[in-house]
């Protein structure tokens, strides 16, 4: 795949092309799935040579801002080397995914993602990993497709927020319309504001030309639809309506998150109880997946590999048990014919 001439003049397009190449070189390929029943199209990066028998499937769900390749590029190699098959879809109205349906709920997003997984042939998922908005979708997947999902990882995902939190001043911005204008920036100043809010240590210099280029390439498609997605998250949201998922859940939060304050992480931990664990990454904001990829990836692998190691040890112990059992029985049978082994001594 060569870089288009027009992309040579755009830093954002060039960066997007580099991310695309990194996914290809990691052994993933773009797959377009047309879901007739849902009147939707899902674009998903899938393994070129999947092996569900030996490589458990991990589903990675991105949040707002750019698309799947921008948010998960740093995690491909570590997770692939850890022995997982990765599935990385663009959610509806991001990348190449879209729908003609009017439903904007995270429930519909979850249904479309899982319909895509079924079309690909994935019927068991070791873990759903969702960052921010992707965590809302991942949570619904875990609740709706409980038998298919073994574990859940939620990164900076304020699924426990309530509509009243906005009015009661939990967030930096208490006007939903203004919050949407920041999350969907259409001018350099709004993008600067989003970067300052989502990063603990934002870049010191952000030239307007680069910001305008990013907006032009990444933030001008499906603006109205994305706006509806945000309002659908907040409208009439109550903690009492949120189902309690049963899977072991790892909650990861940036210590200085200004988009979804850490308070929501503790609220989610309380909601899920002992079946969950909360890890707070120091000196990180809402974009903890971009600011602290090494620390976050370490937590991910420890959590995801835990059951794999236990299963491996269990299988190893089982094999050793039967090996020693049958070996012992064989020695006993053989010992009957050998007095020294059977404990019998010949007469002098």
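Here, each number is a calculation from the coordinates, and none is a lab measurement. As the structure is a prediction and not an experimental result, all values here were calculated from the model.
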Query raised in the report: Between the helical axis of 208-218 and the dominant principal axis of the chain, each derived from Cα atoms, what acute angle in degrees is found, rounded to the nearest 10?
Result: 60
**Report entry** Interatomic Cα distance distribution for the stretch 173-235, bins of 5 angstrom, percent
**Finding:** 3, 18, 26, 24, 17, 9, 2, 0
Query - the stretch 5-321, relative contact order in percent, only Cα pairs under 8 angstrom and at least six apart counted - result: 17
Query - Paired Rg and Dmax values of the stretch 5-321, which use every Cα atom, in angstrom - result: 19.1, 67
Query - the chain, helix-only ellipticity at 222 nm - DSSP H runs n ≥ 4, -39,500 (n - 2.57), divided by all residues, nearest 500 - result: -14500 deg cm²/dmol
Query raised in the report: Of 133, 87, 222, which has the largest mean-square fluctuation in a 10 Å C-alpha GNM of the chain?
Result: 222
Query - Cα-based helix-to-principal-axis angle, 188-198 vs the chain, degrees rounded to 10 - result: 30
Report task. Please identify, among 277, 258, 39, the residue showing maximal mean-square fluctuation in a Gaussian network model of the chain using a 10 angstrom Cα cutoff. Result -> 39
Query raised in the report: How high is the relative contact order of the stretch 178-289, given as a whole-number percent (alpha carbon pairs under 8 Å, six or more residues apart)?
Result: 31
Query raised in the report: If one takes the longest principal axis of the Cα atoms in the chain, at what angle in degrees, from 0 to 90 and to the nearest 10, does the Cα axis of helix 293-335 lie?
Result: 10
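Over the stretch 132-242, what number does the Rg to Rh ratio reach, with both radii from the alpha-carbon atoms and Rh per Kirkwood? Mind dumping the intermediate values first?
On the way: Rg = 16.1 Å, Rh = 15.9 Å.
Checking Rg against Rh, the ratio lands at 1.01.
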